[in-house]
1. Val5 versus Ser205, label points 7 Å from Cα toward the beta carbon: distance in nm?
2. Rounded to the nearest 20 debye, what is the charge dipole size of the stretch 9-120 about its Cα centre when +1 sits on each Lys and Arg Cβ and -1 on each Asp and Glu Cβ?
3. Hey, what did the stretch 7-79 get for relative contact order, percent, Cα under 8 Å, at least 6 apart?
4. Once the principal axes of the Cα atoms of the stretch 1-61 are found, what is the range along each, listed largest first in whole angstroms?
5. Over the Cα atoms of the stretch 27-157, Rg to Rh with Kirkwood Rh, two decimal places?
6. Which distance in nm do the two modelled labels at Glu362 and Arg267 give, with both placed 7 Å along the Cα-to-Cβ direction?
7. Of the heavy-atom accessible surface of the stretch 1-131 (probe 1.4 angstrom), what whole percent is carbon and sulfur?
8. Can you compute the modelled spin-label distance between Arg333 and Val88, with each label point 7 Å from Cα toward Cβ, in nm?
Amino acid sequence: MTTFVDRVELHVAAGNGGHGCASVHREKFKPLGGPDGGNGGHGGDVILTVDQSVTTLLDYHHSPHRKATAGKPGEGGNRSGKDGQDLVLPVPDGTVVLDKAGNVLADLVGQGTSYVVAQGGRGGLGNAALASARRKAPGFALLGVPGDLRDIHLELKTVADVALVGYPSAGKSSLISVLSAAKPKIADYPFTTLVPNLGVVTAGSTVYTVADVPGLIPGASQGKGLGLEFLRHVERCSVLVHVLDTATLESERDPISDLDIIEAELREYGGLDNRPRIVVLNKIDVPDGKDLAEMVRPDLEARGYRVFEVSAVAHMGLRELSFALAELVGTARAARPKDEATRIVIRPKAVDEAGFTVTREEDGLFRVRGEKPERWVRQTDFNNDEAVGYLSDRLNRLGVEDRLMKAGARGGDGVAIGPEDNAVVFDWEPSVTAGAEMLGRRGEDHRFEAPRPAAQRRRDRDAERDEAEREFDGFEPF
């Protein structure tokens, strides 16, 4: 059963915003007390957060669909809906977030680093929030905005200071098991290590991590064997250690040719040329291995490598190796730029920036794209004429109608607001009131201009009585 996963496809859905409420306050002797519809709650976000206690993406391999909770709708009595809860997904340190096209969205390194991968939908405004001096009693509310739906890829790049690379069965797992407290699987057959192993090494006052990368073979950078799957785990390492087998049973192999092949694969993969290298000649406890190590050492040192002869089984040469690695790791850490406090840069948009575009397509359709027009369309209840009229007013104030005229649109032309796969299409008429003119001035309730029914009945009775009295005063007896 798989226990280590370093690449998954994740389908995330943020919570939808709750709908606003259209309500009118009613009480005794006050049947039309004004709008009191509350706002809808905002939908929850989906957030990726680095948690160093998590070392694999296995949970998301088994459950790739994750969804945050939606906001609650508003209610009467000016009661706003509850916001949806954010969904926080823990990921290992060193996780890279990519979109479906392979573009990097975020590189999550360091405990607590987070990234909002899907934004929750905004809650709709209730009619109490939409009321104004001109619109005293809106008979509509705004709908909640749907949350983001995204398909993303997560890739894990192990965060370690030292990477052990080499052929299968070169002794990398044995070496990391004696340098640290790690307990990788060790056996006498190739490709024993199927997943990267991490170990913590202490050398003097320096503490560093070592990664055991699964064995590389010729063609690894092109996908042969396991190399391509795990070569990315060496990208973040500061030091590369070539572990060479001096006691191999394959007659066509020797430490020099193994080193050349692995270096060729690293160059083919790219991005690792500036990493310092150390060569470890392993298995010198074997008589033939000791002799071969002494033969190839001068050639390796002539190439500029620091060479260490070790035996993981006999624990020979390990102290010198661990302190040499600590020295290189310390140098690499000192050369890194110091972390600076995050600077918050505010870049306000220009006041006259429209924030939308109008384009004419080949079929004659005019398409409007922009964050505000598209959000306003999603918030509109098209079964309510007054809400449609409110949308028309907002678009006109934004300048959409003027831009359509400049683009050559005429009455009756098709206009689409939104992307091709999710757009609202309608026949455009300049300055259309969308049927709300039956309400008088758009957004106003004529009921507020009428007297109260009880008062009207009293006035009618008084008028009838006055008329009867006038008739009686004009009566002349015989």
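1. It works out to 4.4 nm between the two label points.
2. With Lys and Arg at +1 and Asp and Glu at -1, about 740 debye.
3. Working: 157 pairs, mean separation 35.8, N = 73.
49 percent.
4. 71, 20, 15
5. 1.20
6. 4.7
7. So the carbon and sulfur contribution to the accessible surface is 49 percent.
8. That separation, rounded to one decimal, is 2.8 nm.
The values are calculated or read from the model by the stated rules, or taken from the named source; none is laboratory data. In this text, all values refer to a predicted model and were calculated from it rather than measured experimentally. Neighbour counts run over all protein chains shown; Cβ positions are idealised from the backbone, glycine included. Please note that ligands, DNA and RNA were not included when accessible areas were found on the heavy atoms of the full protein model with its side chains. Shrake-Rupley method; radii C 1.70, N 1.55, O 1.52, S 1.80 Å.
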